[in-house]
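Computed from the coordinates by the stated procedures, all read-outs in this text should not be read as laboratory data. What you see is a predicted model, and the numbers here were worked out from it, not measured in a lab. Neighbour counts run over all protein chains shown; Cβ positions are idealised from the backbone, glycine included.
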């Protein structure tokens, strides 16, 4: 197969013939005999995304095979976040299948709003376990949606933090390869940074970016999530991580670098105004869009740096759940099997540019790896390694029910420190106090430190 060009790297135009040589067995609908779901109409909610577009493109075949009529309601993430939370809390059952939002999963599972999937998986009349192959989902992608052995959603999207960087700028500064530690990255950024080119850029969702430093220096959001949710933002390790991270924002980022939307951060890289960009792979891959940059041939990708305690790339995962209030649960399960199946995910990767896959078999597929290799950077393998690493459990802090408000407070603290409104010590002390208040207000027993 001929290597796919730069534009194809971002959004495939390859024919579906690639599936014929992939060896993937489609997750076929078991319920198609007699079409027992012929009168069923399902409503699905999810974020506007290439994967949703891929589902819509192949939906006619699913509807023909099952008799189910499906309406997929795609919306912006802020709207989805609010609408799904309100919908689940109301118990109206307006949506049958819903996107399980990573940072909301703790609240939704604890509240009993997501139907356990094990009874559907274990029912031979509903599921061909060999075709579904739950074990093919990477552990790091499944972890947020499991409580013990109980599964509450199947993952379709995972976004891992990586770095996109200008090889020529780092080579000019004396670095044959990208710095392997955050300390070395700071030193490199100091050498490269100028009025014309920033040493570093990232986006403004700082509770997603800061943990790459925080965990690598031995810090954390909580003492031992989910069993001990005592906030730990005032430890020496957390203060050191905050100092290094906010220095990257204040000294080596572009003007306004504390509050840059992801699309703006991408544009800065595309225009040659920054040397490296740390963010989720779903964002970083766009820096080589040749419709927007002439510098793609000077860019490459690699894993995030490590700290004294190791390498802790971040992982965000989204899945499909069955709404507890749905009146069409079996049909909803039929849809989820199909939507997260090997066949659908592979087709989405090859034809819609969906690299943020959650299945090992898709990321190991030769065509996928060839498609998503750029100047020696094998992004499929890089993404798979992050998911496996995250499967070790360090992302548990992000799925506790109280994470969203604490995460919002982290953004405020990092912004305050980086802008010079507060010292590292004062900013983290204030963050610690506020986080403790959030947990105590929620009725969580903690060991107050402030």
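Given the -39500 (n - 2.57) contribution per DSSP H run of 4+ residues, what per-residue ellipticity at 222 nm results for the chain, rounded to the nearest 500 deg cm²/dmol?
Taken over the chain, the calculation gives -11500 deg cm²/dmol.
Calculate the length of the line joining the C-alpha centroid of region 189-268 to that of region 284-312, in whole Å.
So the two Cα centres are separated by 16 Å.
Can you give the FRET efficiency for residue 149 and residue 273, using 1/(1 + (r/R0)^6), R0 = 60 Å, r = Cβ-Cβ distance, to the nearest 0.05?
After rounding to 0.05, the efficiency reads 0.75.
Where does the chain land on Rg/Rh, using Cα atoms and the Kirkwood Rh?
Reported Rg/Rh, Kirkwood definition of Rh: 0.98.
Between residue 136 and residue 83, what is the FRET efficiency for a Förster distance of 45 Å, r being their Cβ-Cβ separation, to the nearest 0.05?
E(calc), rounded to 0.05, equals 0.90.
If you line up the long axis of helix 379-390 against the longest principal axis of the chain, both from Cα atoms, how many degrees apart are they, to the nearest 10?
90 degrees
For region 132-171, max minus min Cα coordinate along each principal axis, in Å, sorted largest first?
49, 20, 12
With the Cα gyration tensor of region 277-377 in hand, give its eigenvalues times 5 under a square root as the equivalent ellipsoid semi-axes, listed largest first in whole angstrom.
Rounded to whole Å, the semi-axes are 32, 19, 13.
For the modelled label position 7 Å from the Cα of residue 375 along Cα-to-Cβ, which residues of region 236-268 have backbone nitrogen atoms closer than 18 Å?
From region 236-268, the list is 266-268.
For region 140-282, what value does the Rg/Rh ratio take when both radii are computed over Cα atoms and Rh is the Kirkwood radius, given to two decimals?
1.03
Can you tell me how much longer the chain between residue 110 and residue 388 gets when fully stretched, taken as 0.36 nm per residue apart minus their C-alpha distance, in nm with one decimal?
Full extension from residue 110 to residue 388 adds 97.5 nm.
Compute the helix-to-body angle for 424-441: its Cα long axis versus the longest principal axis of the chain, expressed 0 to 90° and rounded to tens.
30 degrees
Could you tell me the distance between the Cα centroids of region 89-132 and region 53-82, to the nearest Å?
Cα centroid of region 89-132 versus Cα centroid of region 53-82: 16 Å apart.
Under the 0.36 nm per residue contour assumption, what length would be gained going from the current alpha-carbon distance of residue 297 and residue 366 to full extension?
22.5 nm
Label points 7 Å out from Cα along the Cβ direction at residue 440 and residue 71: separation in nm?
The answer from the label model is 4.7 nm.
Assuming 0.36 nm per residue, please report the length gained on full extension of the stretch residue 421 to residue 35 beyond their Cα-Cα distance.
The residue 421-residue 35 span can extend by a further 132.6 nm.
What ranking, highest mean first, results for peptides 50-60, 86-96 when packing means the other Cβ atoms within 10 Å averaged over each residue?
50-60, 86-96
Taking the highest mean first, how do the peptides 117-130, 233-246 order by number of other beta carbon atoms within 10 angstrom per residue?
233-246, 117-130
Could you check which residue among 134, 163, 362 shows the biggest mean-square fluctuation in a GNM of the chain with a 10 Å Cα cutoff?
134
Averaging sequence separations of C-alpha pairs under 8 Å and six or more residues apart, then dividing by the length of region 75-218, give the relative contact order as a whole percent.
Relative contact order comes out at 12 percent.
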